[in-house]
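In what follows, a single structure is set out as C-alpha cells and then discussed.
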Amino acid sequence: MANLKDIKSRINSVQNTKKITKAMKMVAAAKVKKAENTVKASRPFSDELLNLFRKMVATVGEYSSAGLKIERGLDDYPALLSRREVKTEGLLVITSNKGLAGAYNANIIKTTLKRIKDNTEKGINTVIFPVGQKAVSAFKNKKGRYELREGYLSIANEPSATGANIIAEDIAEDFVSGKIDKIDIITTHFNNMMSYNIVDWEVLPVEIEKAEKHELDPVMEFEPSAHAVLQQLVPMFITNSIYQALLEANASELASRMTAMSAASNNAEEMINTLTVDYNKARQWAITQELVEIVSGASAI
C-alpha cells in the first residue's frame with residue numbers, strides 16, 4: 001500500500017498544477033473572444049482589397065515603373081508581380097512565443113519541416129523567416145538544408161499592421177534583390193473556438209486571378225496615374241496578407257491554449273479524485289492494521 005504522506009504530497013502537487021492550468025484557461029478565454037472578433041472584422045476588408053486589386057490588375061494591363069520613385073523593395077511593384085524560376089523559397093513561419101497550446105506549434109513546425117524536405121528533394125533551397133520563439137527554437141536546433149533568419153518575437157505577441165509592414169519590407173527586399181524567388185506564409189486559419197487548420201499562403205510573387213470584363217467598373221480614372229496607384233496598392237495588399245495571417249494565427253493559438261488548459265484542468269480533477277480514493281483506502285488500511293495489532297496484543301496478554 002502506498003505511503004499516506006506520498007499520496008498527500010501528490011494530491012497537493014496536482015492541485016497546484018490545476019490552479020495554474022485553470023488560470024491560464026481563464027486568461028486565454030478572456031483574450032480569444034477579442035482575437036476572434038478582430039479576425040472576423042478584418043476579413044471583409046481583406047476580401048474587398050482583393051477585389052479592388054483584381055480590378056486594378058485587369059485595368060492597368062502592362063506593368064511599368066517608369067516615372068515612379070522607388071526607394072525600397074516594396075515600391076518596385078512590377079518586380080513584386082513578376083515570376084521566375086524558383087531556386088530559393090522563403091517561408092514565413094508563424095508560431096507563438098509561449099507553449100502550453102496543445103499541438104498548435106508542433107503542427108506548424110511539422111508542416112514546415114515537410115516543406116523543407118520536399119524542397120530539398122527538388123533541389124530548392126529554403127530560407128526560414130520565423131515569427132515567434134517556438135519557431136526560432138525549433139529550427140535553430142534542427143538540422144536540414146535551410147537558412148534561418150532573425151526571428152520576429154515581439155510581433156508574435158501583439159499582431160499589428162506596423163509589425164506586418166516590417167516583415168513585408170524585409171521579405172520584399174530579398175525578393176526584389178533576387179535572393180529569394182518565392183515566399184509563402186505557413187500559418188493557421190481560425191475556424192472557431194474548437195478548430196483551426198494549417199494553411200499555406202503565397203505572398204510573393206503576388207499572383208491573383210484577374211477580374212473579368214463584366215466585373216470592371218465602366219469608368220475608372222487614376223490620379224496621378226494607374227501605375228502610381230498600383231505602386232501603393234501592391235505593398236498594401238502584401239502587408240495586409242501578412243497582417244491577416246498574424247491575426248488568424250493569434251486567434252488559433254489562444255483557442256488552442258484555452259482548449260488545452262481546459263483539458264489539463266479536467267485531467268487534474270480526475271487525478272485528484274483518483275488519488276483521494278487511494279488516500280482514503282490507504283488510511284483505512286492503516287487504521288485496520290492498527291486495530292488488528294491492538295486486538296492481537298490484548299489477546300496475547
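What follows draws every value from the coordinates through simple rules; no lab data is involved. What you are looking at is a predicted structure, and each value in this text was computed from that prediction instead of being measured. Here the Cβ positions follow ideal geometry from the backbone for every residue, glycine too, while neighbour counts run over all protein chains shown.
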Discussion item. So for the stretch 32-261, averaging the separation of alpha carbon pairs under 8 Å that are six or more residues apart and normalising by length, what relative contact order in percent results?
Written reply: 33
Practice prompt. Can you grab the distance from the C-alpha centre of the stretch 53-129 to the C-alpha centre of the stretch 159-199, Å, no decimals?
Written response: 7
Worksheet entry | Antiparallel %, DSSP beta bridges [both residues in the chain], to 5 | 35
Discussion item. Just to be sure I understand: with springs between alpha-carbon atoms less than 10 Å apart, which residue in Val57, Val93, Val136 has the highest mean-square fluctuation in the Gaussian network model of the chain?
Written reply: Val57
Worksheet item: Full extension from Lys34 to Leu52: what is 0.36 nm times the residue separation minus their Cα-Cα distance, to one decimal in nm?
Response: 3.7 nm
Practice prompt. Enumerate the amide H contacts of Leu148 below 5 Å, restricted to partners 5 or more residues apart or on another chain; note that Pro and chain-start residues carry no placed amide H.
Written response: Ile128
Response to the item:
Whole-number value, in Å³ per residue, for the convex hull of the alpha carbons of the stretch 32-261 is 129
Item to complete: Can you tell me the FRET efficiency between Ile70 and Ile198 if r is taken as the Cβ-Cβ distance and R0 is 35 Å, rounded to the nearest 0.05?
Response: 0.50
Worksheet item: If the chain between Ile294 and Glu223 were fully stretched, how many nm would it gain, using 0.36 nm times the residue separation less the Cα-Cα distance?
Response: 15.3 nm
Worksheet entry | Residue with peak Gaussian network fluctuation, the chain [Cα springs, cutoff 10 Å], from Leu275, Leu254, Leu148 | Leu275
Worksheet item: Taking the highest mean first, how do the peptides 96-103, 137-144 order by number of other beta carbon atoms within 10 angstrom per residue?
Response: 96-103, 137-144
Worksheet item: For Lys110 and Asn191 in one chain, what is 0.36 nm times their gap in residues minus the Cα-Cα distance, to one decimal in nm?
Response: 27.1 nm
Worksheet item: Could you state the principal axis extents of the C-alpha atoms in the stretch 253-301, from the largest down, to the nearest angstrom?
Response: 71, 8, 5
Discussion item. For the chain, set up a GNM with springs between Cα atoms under 10 Å and report which of Ile242, Ile186, Ile116 has the largest fluctuation.
Written reply: Ile116
Fill in: Flagged links, alpha-carbon separation over 19 Å, of Lys110/Lys142; Lys55/Lys87; Lys87/Lys110; Lys34/Lys110
Lys55/Lys87; Lys87/Lys110; Lys34/Lys110
Discussion item. Taking amide H atoms as placed 1.01 Å from N in the peptide plane, list the residues 5 or more away in sequence, or in a different chain, whose amide H sits under 5 Å from that of Gly102.
Written reply: none
Discussion item. On a straight-distance basis, which lysines could pair with Lys33 in a cross-link, Cα separation under 26 angstrom, same-chain partners fewer than 8 positions away excluded?
Written reply: Lys18, Lys19, Lys22, Lys25, Lys98, Lys134
Item to complete: For every helix of n ≥ 4 consecutive DSSP H residues, a contribution of -39,500 (n - 2.57) applies; sum these over the chain, divide by its total residues, and give [θ] at 222 nm rounded to the nearest 500 deg cm²/dmol.
Response: -22000 deg cm²/dmol
Worksheet entry | Charge dipole (the chain, unit charges on Cβ, about Cα centre) - positive-most of Gly123, Asn105, Val176 | Asn105
Worksheet item: Which helices pass in the chain if a helix is a full DSSP H run, must span at least 15 angstrom along its long axis by Cα, and must have mean Kyte-Doolittle hydropathy not below -1.0?
Response: 4-60, 161-177, 226-300
Worksheet item: How high is the relative contact order of the stretch 1-155, in percent, counting Cα pairs under 8 Å that sit 6 or more residues apart?
Response: 17
